[in-house]
Amino acid sequence: MTDLYQQMIVDHARRPRNFGPLDGANRTAEGVNPLCGDELKVHLRLSDAIEAATFEGAGCAVCVASASMMTLAVTGLRAADAARLMQCVRELVAGGDGKNLGELESLKGVAQYPARRKCALLAWRALEAALAGELAKVSTEL
């Protein structure tokens with residue numbers, strides 16, 4: 001199973017889904033991980049639900065793969081459901097079980113590498129900021 005998850009991360013890192021600007025985006029947030037230099041911008045088209053989600057930027061394989069999987073997972077969700085999913089992903093990369101998360105379960109291995117947890121969570125932190133309408137760039141550092 002570990003090989004499958006590694007392959008999934010590599011696949012999303014090499015061929016990220018929903019990478020690029022988003023026409024008609026009405027929410028955008030930038031995020032940075034100052035420890036490793038990952039920088040992402042998340043774009044949303046939000047009405048009653050997330051109609052579309054994309055991202056731009058540069059980061060390590062874990063960061064890009066997580067952002068790619070995130071855009072797929074949250075499209076079609078209401079903001080409250082996306083927030084619940086964010087919490088599940090946070091718990092997963094902290095070492096939780098993460099059952100029934102589909103492709104996102106491939107991020108479970110990140111829990112073994114505490115320094116990489118922030119890489120996996122950067123896109124999710126930017127999504128959280130975009131949903132909240134935050135204008136300032138968010139950071140993985142508190």
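Taking the conditions (1) surrounded by 20 or more Cβ atoms within 10 Å (Cβ to Cβ); (2) under 16 Å from Leu35 (Cβ atoms); (3) of a type in the set (A, V, I, L, M) in turn, Val89 satisfies each one other than (2). Of Leu72, Leu44, all but one fail to be surrounded by 13 or more Cβ atoms within 10 Å (Cβ to Cβ) and within 21 Å of Glu134 (Cα to Cα); the exception is Leu44. Taking the criterion of being out of contact with any helix residue (DSSP H, G or I) (no Cβ under 8 Å at 6 or more places or on another chain), at pLDDT below 95 and not acidic (Asp, Glu), the residues of the stretch 1-57 that qualify are Met1, Gln7, Pro34, Gly37. With respect to being surrounded by 19 or more Cβ atoms within 10 Å (Cβ to Cβ), in contact with a strand residue (DSSP E or B) (Cβ under 6 Å, 6 or more places away or on another chain) and in contact (Cβ under 8 Å) with a residue 12 or more places away in the chain, Ala29 fits the description.
Condition test on Arg116, is it within 15 Å of Ala67 (Cα to Cα) and surrounded by fewer than 19 Cβ atoms within 10 Å (Cβ to Cβ)?
Numbers: within 15 Å of Ala67 (Cα to Cα): yes; surrounded by fewer than 19 Cβ atoms within 10 Å (Cβ to Cβ): no.
Considered against the rule, which asks whether it is within 15 Å of Ala67 (Cα to Cα) and surrounded by fewer than 19 Cβ atoms within 10 Å (Cβ to Cβ), Arg116 comes out as no.
Could you look through the stretch 16-39, keep only residues that are outside any strand (DSSP E or B) and in contact with a His (Cβ under 7 Å, 6 or more places away or on another chain), and pick out the one that is nearest to Ala130 (Cα to Cα)? Going through the qualifying residues, I end up with Ala25. One residue is enough: does the stretch 93-106 have a residue meeting the conditions among the hydroxyl-bearing types (Ser, Thr, Tyr) and closer than 16 Å to Ala130 by Cβ? Scanning the stretch 93-106, I find no residue that is among the hydroxyl-bearing types (Ser, Thr, Tyr) and closer than 16 Å to Ala130 by Cβ, so the answer is no.
The values are calculated or read from the model by the stated rules, or taken from the named source; none is laboratory data. As the structure is a prediction and not an experimental result, all values here were calculated from the model. All Cβ positions, even for glycine, are placed from backbone atoms using ideal geometry, and neighbour counts span all protein chains on display.
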